[in-house]
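Student: Below you will find the structure I want to go over with you.
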Amino acid sequence: MTKKWSDFERYLKSVHLQGKRATVKIVRVAIEELHPRPGKVERAPVIYFEGKSKGLILSATNQRTLARLFGDDINGCVGKTVSLEAVEVKVAGVSKFPIRIKGAQIQEAAASKTAAVA
């Protein structure tokens, strides 16, 4: 089996999704100490998924999405299913591909409509 450098990442990155949408079940939320830059320490929420080893550090956008979908209680999303997808976002004219959380039911309904049409 070929190993990749991305296999050794502790947190989920867009490269791990390989351009696909993933539907996952949230099993826990942890507040973890992160080191985004040398000398900088911050605490941020990280969600973990059933059967997966890598957690997703929650951006402000993804935090708002979870609050909209499941309420303001951080643990309200535990046991819930969501879809993860890397989307293109322009930042200072450069394309970035952050992972965005979407409601799984919305995505499944859209896929059903697409499949029925095709």
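Just so it is clear, none of the values below were taken in a lab; they were calculated from the coordinates. Keep in mind that what you see is a predicted model, and the values were worked out from it rather than measured. As a convention, Cβ positions derive from the backbone with ideal geometry for all residues, glycine included, and neighbour counts pool all protein chains shown.
Student: Counting residues that are in contact with a strand residue (DSSP E or B) (Cβ under 8 Å, 6 or more places away or on another chain), which strands (runs of 3 or more DSSP E) fully inside segment 37-95 reach at least 3?
Tutor: In segment 37-95, the matching strands (runs of 3 or more DSSP E) lie at 40-49, 81-86.
Student: In segment 25-59, how many residues are within 17 Å of E85 (Cβ to Cβ), in contact with a Gly (Cβ under 8 Å, 6 or more places away or on another chain) and of a type in the set (A, V, I, L, M)?
Tutor: 2
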